[in-house]
Amino acid sequence: MRLTVDGQSFDINADPDMPLLWALRDLIGKTGPKFGCGIAACGACTVHVDGQPVRSCSLPVSQVSGAVTTIEGIGTADKLHPVQQAWLEEQVAQCGYCQAGQIMSAVALLDEVADPSDDDIDNAMGGNLCRCGTYPKIRSAIKKAAALKTAGL
Amino acid sequence: MASVGKIARRTFLIGAAAVAGGVAVGYYYYRKPFANPLEADLGKSEVTFNPYVKIGADNTITVVAPRAEMGQGISTTLAVMVAEELDVGLDQVNVEHGPASYAYYNAAILEEGGPFAFFDESMTAQAVRSGLGVVGKLLAIQATGGSASVRDGFDKMRQAGAAARQLLIAAAAQKLGVAAADLETANGSILHKASGKSLTYGAVAVAAAAMAPPAEVRLKDRADWKLLGKPQKRIDMLAKVTGAPIFGIDVRLPDMLYGTVKMSPRFWAKPVKANLAKAEKMPGVIKIVALETNYGHGFGIIAQNTWAAFKAADAIDAQWADPEYPLSSDAISDVLKQALGAKGSAMRDNGDVDTAFADAPRERMVEADYAVPYLAHATMEPMNATARFKDGALDIWCGNQAPTLVRQLCANVVGIEQEKVTVHTTFMGGGFGRRVEMDYALCAALMAKETGGRPIKVTWTREEDMRHDAYRPAAVGKFQARLGDDGLPVAVYMKIASPSMIASTLRRLFPSISPLGPDKSIVDGAYDQPYTIPNYRVSGVAAPVSIPVGSWRSVGSSVNGFFHEGFMDEIATAAKIDPVEMRKKLMAAYPAAVKVVEKVAAMAKWGEALPAGKAKGMAFTLSFGSWVGEIIQVADTPAGIRIEKVWIAADVGTALDPGIIEAQLISAAIYGLSAAMGQEITFADGMVEQSNFHDFDAMRIFQCPVFDVAILENFHKMGGVGEVGTPPAAPALANAIFALSGKRIRTLPLSKTVAFA
C-alpha cells in the first residue's frame, strides 16, 4: 500500500482495517498526530487528507485516497506556519498533547474562512478536546493567525 | 483547629509515613547532602556544580528541573529560578528533567501534610511542618504533586544558581588576578569593567567546579529580579506547536515491539477462565502474557504494532472473579451513607457543637446532605510506558510524577536491584495526579521480560485508561448549622465520609505499610478554611470501599470545596445575608481571605443588577497555600444553562510567573467545571460503566466562558498554583444555578438535574 505523507511517499504493509493514525505512528514514524480516544471523539489525531481535516484514529488506512498532511508537514521550527506562530506568540499550550490536533483543525478552518467569527471557531474546534483548558488562548491564537495570514506573514 | 494536646496524642497520615505528633530526627542526618547524580553522566569538558547546574567548556549551560512537566509550566519556572541567580537569560539555558535521584526529593509536598490549616502559625504547627519537611527528605521521594514544586524549589534552585555564579566569579578572579568584588556578570560572561577583560562561564567552569562550595550563598533581592515575577516564554512551547516527539507515547527505539494491556475490569479480581487462543492467532500478535502487580491482574499483549495489540486485546475472552467491593453505584452509595453514622475523626473542633445544637430552635437550623461521584483523570495522553530489559538491566521511558518510585517498584516487580533501573522521564500529556500511579510502568516492565531484550512500547486504549484509574473518591457529607440572632452561623457541623485515598495508595505502592490514624484528605478543604465560627466541627470517616482511589487535581479540596462552599451559600440564603458579605464577616480574622473576596466581588461587579435570565454565584477555597475566590455568571438559554463568565482572584503570596499562574488558574477552573457539569464514574456488576469521551466528556471550546483573573500577593507565605483554581469552581457554578433558578443542587454532576448549553 502506498501513502503520501507530508510530501513524501511511503510503501507500507498494513492491515486494511488499521486506522491511518497507527500507520502514521507505528509504521511510518510520524508521531506528531496523537492517539487520544480511538473513536473520533477528541481530535488529538487530526490530520489533513487533501486539505480536509480528518480524525485519523477512525479512518482505515485502506480508505485513504489523497495526500496526507500532519503537523510535521505544515511548518518546521525554523519556518513556522502562521497558525503555529500564533500559537507560540499566544503561549497556548500547557501539556501540549492535544495541540497538534488543535493546530491542524485551525489550519483547515483558516483555509476555508479567512476571518473566522467566534461561532466559526466554535463549530470548527468543538471536536478538539483539551483537558488543560487552553480554549481561551486557542480562540485568541486563531484570531491572531488569521491576521498573520492576511498580512502574508 | 485541633488543640496541641489532641495533636500530641493523635497520629495522622502523611503520604506514605505515619508520624506520631511530629518527628525526631538527628539534625546531622537531615543535613547530610545526597550525592550529586549529575557527576555520573557528564559530557566531555562539562562540569557540574550541584544537582541542578552543568556548564560545558563551550559555555553550554544546562539546568536540571527535576519535576514532572505535565503542562503546568514547572520546567520553565524552575529554570528561571536558576537563570535568575546565575545571571543568564532563559534562552541561554538548556533544560533537562534529569535522572531519577533521591537528591531531587520534594520536601514541600509533605510540609502541609500535618493536621493544621495553612494559616495556623502556632508553635506546634510550625514544628510539625518543619518535621514533615524532614520526613520528605528522609523518604526522599522525587515527586511532583501537592502544588508544591515551586515552593520546594524556590530556595533550592535559586541557591543552586547563585552558588555556581559565586564560584565562577571566584575562578575568574583568580584567572584574571583581580578581586572578585570588581567583577560583574551578564549573559553567561564575567566582566572586569576596569580593564575591559571578560571571560565566559565556560572558560572558567572547570576551575570553578574544583573550588570549595561557598560557605554563604547570597540571593538577589526581589527588587533586582530580571526574570522572576514577570511572564516568561515557556521553554517547551516550540516543541509543542511543532508536534515534536516529547511524550512517552512518542518514544521510538530500534527494534521496538508494541503492546497493550487488558486488565481485569473488576479491580483486584483474578481471571477465572480465559481463552487466549483466538487472540494469539491474530496477525501481528507475538505473545500474550499474564500480568500480576499490586494494581491487579490481567494480560499483556505483545505485537508488531499497536493496532494489532488493540485488536487482540479485544479478542481475549476472559471471565473474572467477583469483586471484593459492592457491585453497583447504589450499593457503594449505601456504604458511604452508612459510614456517616460513625463518629469519625474531628480535624477541627472549635467550641462545643453538641451543646450548641442541643437547644437549637427548628427555624434556626440549616441541614443538608451532599454527594459527589468517583471521577477519572482522563489525561489526554492515555497511559503508556516503554521498557527494555536487557543484560539484567531495565530502562524505562514514561511520563511520571515520581521517578524514584518508578525505579523502586519496577526493580521489585522485575526482580533486580534499583541500581539496574534507569528511568527516562518524558513530558506528559496531562497528569492531574494520574501519573503518581505506577501501573503503566509496572506492566511495561513485566512485558519487557518477555521480548528477548527487545524494547516494547505499551499503550493503553482509552477504554482501558478510563476503566483502570485511581479515581477521585466518591464522597457524601452531612451538614448542619445553627444561625444566631444576627443570621450568622453560631455552630456548624460537617461530617464527610469517603474511601481513604491514603489507604488505597498504600495498598498499591507500599502494601507492607499499614495506614495508621485518620486520613486528612477526607476533610481537606473543609476543616482548614479561614472562617471563624464559635462552634465549628469538621469530621471525616473512612468508608470501606476498595475501588482504587488516588490524587485527582486538588485531591480532598475537590470534594470539600463543593461541600463547604455550597453549604455556606445555603446558610447565607437561610439567613437572608448576601453570600459575599457573610464571608467577609466570617473571614474577618484572615485579612488575605477578605481581600480576595473583596477583589473578586469588585471584578465581577457583585451586587449590580443583572438582566433577567442571568445570575452569579461565588465560592472561596484556601488550598495548597493559596487563597482563591471565584464568581461565575450563568445565563438561561433555550439550549440550557450557559456559563458566561468566570472571575478569579487568587492570593499566591509571591507570584513568580504571572502568565503561567493565570493559565493554571483558568486551567484548573475548567477542570473543575468539566467535572461539575457532567462527569461521573459509575459502577455496574463491579465494573466501571464509562469508557471513553462520549460518556465521560469534558468542557468543549463552545462551552468555555470568558475568564478574568487577578493575582494578589498579600499573604506572607507562598502558595501553590497548579490545583488551587479547581475547588471553588464547582460550588461557584452550583451557587450561580441556585441564584438563577432557585434549584439547590447538592449532588454532582449538575447535569443530573439541569441541562447545559
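Since every read-out is calculated from the coordinates, none of them should be taken as a lab result. This structure is a prediction, so every number in the text was calculated from the model and none was measured. Here the Cβ positions follow ideal geometry from the backbone for every residue, glycine too, while neighbour counts run over all protein chains shown.
Assorted remarks:
- Expected 222 nm ellipticity per residue - DSSP helices of 4 or more, -39500 (n - 2.57), all of chain B, to 500: -9000 deg cm²/dmol
- Over the stretch A:2-74, the reciprocal of the mean inverse Cα-Cα separation, the Kirkwood hydrodynamic radius, stands at 11.7 Å.
- Of all DSSP beta bridges in the protein assembly as shown, antiparallel share, percent nearest 5: 75
- Simple spin-label estimate for A:ASP118 and B:VAL178 in nanometres, 7 Å along Cα-Cβ: 5.9
- Cβ-derived FRET efficiency at R0 51 Å, B:VAL706 paired with B:ASP352, nearest 0.05: 0.65
- Remark: mean inter-chain Cβ contacts per residue of A:29-35 equal 6, using a 10 Å Cβ-Cβ cutoff to other protein chain atoms.
- Considering all C-alpha pairs of the stretch A:39-105, those separated by over 21 Å amount to 26%.
- Whichever lysines have a C-alpha closer than 16 Å to that of B:LYS717, once near sequence neighbours (fewer than 8 apart) are set aside: B:LYS595
- Over 16 Å [Cα-Cα, the stretch B:261-317], rounded percent: 36
- From least to most packed, judged by other beta carbons within 10 angstrom and beginning with the fewest, B:VAL353, B:VAL492 follow the order B:VAL353, B:VAL492.
- Counting only other chain Cβ atoms within 10 Å of each residue's Cβ, the peptide B:62-73 averages 2.
- The DSSP beta bridges internal to chain B are antiparallel in roughly 75% of cases.
- Qualifying trypsin sites (Lys or Arg not before Pro) in the stretch B:572-617, where qualification requires a DSSP coil assignment and no more than 13 other C-beta atoms within 10 Å, comprise B:LYS576, B:LYS605.
- Added length on full extension, which subtracts the Cα-Cα distance from 0.36 nm per residue, B:SER546 to B:TYR102: 156.7 nm
- Estimated from the Cβ-Cβ distance and a Förster radius of 22 angstrom, the FRET efficiency linking B:GLN338 and B:ARG362 is about 0.25.
- Positive-end residue, chain B charge dipole about Cα centroid, Cβ charges, pick of B:THR753, B:GLY341, B:TYR493: B:GLY341
- Globularity ratio of the stretch B:246-404, using Cα Rg and 2.2 N^0.38 Å: 1.61
- Segment B:LYS270-B:SER512, extension gain: residue separation times 0.36 nm, minus the distance between their alpha carbons: 85.0 nm
- Among B:298-309, B:543-554, sorting by the average number of other beta carbon atoms lying within 10 angstrom of each residue, highest first, gives B:298-309, B:543-554.
- Where GluC sites (Glu not before Pro) fall in DSSP loop in the stretch B:379-444, at most 13 other Cβ within 10 Å: B:GLU417
- Across all directions, the average projected area of the convex hull around the alpha carbons of chain A is 8.4 nm².
- The dipole here belongs to the stretch B:202-263: it is taken about the Cα centre, uses +1 on the Cβ of Lys and Arg and -1 on the Cβ of Asp and Glu, and is about 320 debye.
- Only the Cβ atoms of Lys and Arg (+1) and of Asp and Glu (-1) were treated as charged; on that basis the dipole of chain B about its Cα centre amounts to roughly 500 debye.
- Within the listed set A:ALA106, A:ALA23, A:ALA114, the residue fluctuating most in the Gaussian network model of chain A (springs between alpha-carbon atoms under 10 angstrom) is A:ALA114.
- DSSP bridge pairs, the stretch B:614-752: antiparallel proportion in percent, nearest 5: 75
- Taking amide H atoms as placed 1.01 Å from N in the peptide plane, the amide H of B:ALA143 lies under 5 Å from those of B:ASN106, each 5 or more residues away in sequence or on another chain.
- Treating r as the C-beta distance of B:ALA194 and B:ASP224 and R0 as 30 Å, the FRET efficiency rounds to 0.85.
- Spin-label pair A:MET1-B:GLU39: with each label point 7 Å from Cα along the Cα-Cβ axis, the two points sit 5.4 nm from one another.
- With N the number of residues in the stretch A:82-150, Rg(Cα) / (2.2 N^0.38 Å) evaluates to 0.96.
- Remark: mean inter-chain Cβ contacts per residue of B:451-460 equal 1, using a 10 Å Cβ-Cβ cutoff to other protein chain atoms.
- Residues of type lysines that B:LYS273 reaches as a straight line, Cα spacing below 21 Å, ignoring anything fewer than 8 places off in the same chain: B:LYS262, B:LYS281, B:LYS287, B:LYS311
- Rounded to the nearest 20 debye, dipole of the protein assembly as shown from Cβ charges on Lys, Arg, Asp, Glu: 1120
- Ranked by how many other Cβ atoms sit within 10 Å of their own Cβ, fewest first, the residues B:MET587, B:MET438 fall in the order B:MET587, B:MET438.
- The string of couplings for the stretch B:340-351 from the Karplus curve (6.51, -1.76, 1.60, θ = phi - 60°) is 4, x, 6, 5, x, 10, 7, 8, 9, 8, 8, x Hz, one whole number per residue in order, with x for Gly and Pro.
- For chain A, averaging the sequence separation of C-alpha pairs within contact (under 8 Å, six or more residues apart) and dividing by the residue count gives a relative contact order of 24 percent.
- The three principal axes of the Cα atoms in the stretch B:469-594 give end-to-end lengths of 53, 26, 23 Å, sorted in falling order.
- Computed across the stretch B:147-252, the Kirkwood radius stands at 16.6 Å (inverse of mean 1/r, all Cα pairs).
- Every pair of different Cα atoms in the protein assembly as shown enters the Kirkwood calculation, which places the hydrodynamic radius at 28.6 Å.
- In the frame of its principal axes, chain B has Cα extents of 84, 73, 55 Å, reported largest first.
- Qualifying lysines (Cα of each under 21 Å from Cα of B:LYS233; at least 8 residues distant if same chain): A:LYS79, A:LYS137, A:LYS143, A:LYS144
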